[in-house]
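Here is the structure we will look at.
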Amino acid sequence: METLCITGGQPLHGTLAVQGSKNAVLPLLAAAAAVPGRSVLLGCPSIRDLRVSCALLEGLGLSCRAAGDTLFLDAAAPPRTDPDPALAGQLRSSVLLLGALLGRCGQAEIPLPGGCVLGARPLDLHLKGLEALGVEVRREDCLLRCRGRPRAGTVRLPYPSVGATENLMLAALGASGPVRICGAAREPEIRDLAAFLNACGARVTGAGSACVRITPAPLHGAVHRVLPDRMEAATWLCAVAAAGGTLRLTGLCPAQLEPVLRTLEQAGCELTREPAALSLRAGALQAPEPVVTGPYPAFPTDAQAPMMAALLRAQGRTLFSETVFEDRFRHVPALRAMGAQIELSGRRAVVHGTAKLHGAEMAATDLRGAAAMVCAALGAEGESRITQAWHLDRGYADFAARLRALGAEVRVEA
Ligand code: EPZ
């Protein structure tokens, strides 16, 4: 999808089943490469990052076959350890093959990853963690050459990096003894990865807490259903909050979205929580308490941009503080082009609610920034054109079709 044209200004109404989580399925694919055997992943999202990840695994000699939202993976044969740089450079999660291949093969030559440009996005926590387990890490131009079977031991992460936690969990599968990760990320996607690894015969405890312990054991393939995508759910909630109307989401875990739900309720949305569903009724919005992003269970950084878009017309001033990434306000110029009143100062933004927004032409900057532009366009009078809309395809399945299912007026230009 190159250009998305949205004519906003009317309320949305509809029901959507939440897709499988992008940020859960990508680590699961890396994990499947670490496990000698056949695995089946159920409820996979039809997104570009998943297709690129499957191509990466096939380049290593594994097989990936999709049938609907089910992925059949065969990693029985030992994989190659040198992923294709052209593919690896398209997404951040390709770096997780480092831990997976080290754990399985004791070596890996990994190209530097790509992914959304949200700041420097260094890999120091990944690499220092692996070195703490005795892995030899050499960086040559755009390659990470790593060798050595990880030792038993403890890694202390100074920041709860999601990717570093996942990489170390995967490397620990092949360690010479138990590995403890202290200061680990606590995101639900970490728990989902641990559930898959335990189904494969590993012994992972503490996932979802700040201390994860992995005890190596013989591994085999497994069947696993991918966690629902809490960020996709947050995006649709913000879209309807921005446009007005009603939304019912099914097949999700509302408890994993509490900070987002609290902000929407403070802003004046009515929410009804069920064990695996959520209903929202949008109304006239007023500024909520400050939105401060942070590692789970704080307000998720991936929902910051869509929430900002939802609150552009909220009466009063909303403060945003982005503590996770140093450059995650790249969507602000596009929102200003629609008439939004936003002050920026470093990692802080202040949104002054404005009565009306108008359509504009803008270029998507990253996955969640693009989603924010869509949310704002849905609440703006007239037509908006979002170029570089392929960013959305990376993490949202059938995006235009799902917008239409909510009654949005949408046109896609190739
Ligand atoms: C994961 O990225 C997600 N991506 C991101 O989602 C998400 O925003 C992020 O976690 C935080 O929740 C996937 O799961 C594929 P981090 P990741 O390592 O692992 C710094 C989306 O939109 N850091 O927790 O890269 C880093 O620069 C994407 O779906 C280091 O300094 O995030 C950032 O400031 C965007 N050194 C902070 O930590 C390191 O070695 C959080 O990064 C690693 C990270």
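Quick note: the coordinates plus some simple rules give every number you see, no bench work behind them. Only a predicted model underlies this, so the values are computations on that prediction, with no experimental measurement involved. Don't worry about glycine lacking a Cβ; one is built from the backbone with ideal geometry, like all the others, and counts go over all protein chains shown.
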For this session: List the extent of the Cα atoms of the stretch 150-225 along each of their three principal axes, largest first, rounded to whole Å.
Result: 33, 28, 16
Problem set entry | Amide proton proximity set for E409, modelled H, under 5 Å, gap of 5+ | T7
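Determine, from the Cβ-Cβ distance of T272 and Q10 and an R0 of 25 Å, the FRET efficiency 1/(1 + (r/R0)^6), rounded to the nearest 0.05.
0.60
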Problem set entry | Hydrodynamic radius by Kirkwood, which averages 1/r over all alpha carbon pairs of the stretch 22-220, in angstrom | 16.2
Exercise. Taking square-rooted eigenvalues a ≥ b ≥ c of the alpha carbon gyration tensor, is the stretch 1-71 rounded, prolate or oblate, where a/c under 1.5 means rounded and, failing that, a/b exceeding b/c means prolate?
Worked result: prolate
Seminar exercise, completed: If each K or R counts +1 and each D or E counts -1, the residues other than A287 whose Cβ falls under 11 Å of its Cβ total +1
Exercise. Taking one equal scatterer on every alpha-carbon of the stretch 106-198, how large is log10 of I(q)/I(0) by Debye at q = 0.10, 0.21 1/Å?
Worked result: -0.25, -1.13
Exercise. From the phi of every residue in the stretch 381-398, what ³J(HN,Hα) in whole Hz does the Karplus formula 6.51 cos²θ - 1.76 cosθ + 1.60 yield, where θ is phi - 60° and glycine or proline is x?
Worked result: 6, x, 8, 10, 10, 10, 8, 6, 5, 4, 3, 5, 5, 5, x, 10, 7, 6
For this session: Name the residue, out of P333, P122, P36, whose mean-square fluctuation peaks in a Gaussian network model built on the chain with Cα pairs under 10 Å.
Result: P122
Problem set entry | ³J(HN,Hα), Karplus 6.51/-1.76/1.60, whole Hz, each residue of the stretch 310-317, x for Gly, Pro | 5, 9, 5, 10, 6, 5, x, 10
Problem set entry | Charge dipole magnitude, Cβ of K and R +1, D and E -1 - the chain, Cα centre, debye nearest 20 | 840
For this session: Would you pull out the residues with amide H under 5 Å of A207's amide H, same chain only if 5 or more places away, H placed 1.01 Å from N?
Result: R213
Seminar exercise, completed: the chain: relative contact order from alpha carbon pairs under 8 Å, six or more residues apart, as a whole percent, is 21
Exercise. Hey, how many Å between the Cα centroid of the stretch 395-411 and the Cα centroid of the stretch 212-277?
Worked result: 19
Exercise. Starting at 0 and stepping by 10 Å, how many percent of the alpha carbon pairs of the chain end up in each bin?
Worked result: 5, 23, 32, 24, 13, 3, 0
Problem set entry | Under-5 Å amide H pairs with T3, H placed in peptide plane, nonlocal only | A389, E413
Exercise. Helix-derived [θ] at 222 nm for the chain: sum -39500 (n - 2.57) over DSSP H runs of at least 4, divide by residue count, nearest 500?
Worked result: -9000 deg cm²/dmol
Problem set entry | Cβ-derived FRET efficiency at R0 56 Å, A67 paired with T323, nearest 0.05 | 0.85
Problem set entry | Positive-end extreme of charge dipole, the chain - chosen from N167, S53, T301 (charges on Cβ) | N167
Exercise. By the scheme Lys and Arg +1, Asp and Glu -1, what is the net charge of all other residues having a beta-carbon under 12 Å from that of Q10?
Worked result: -2
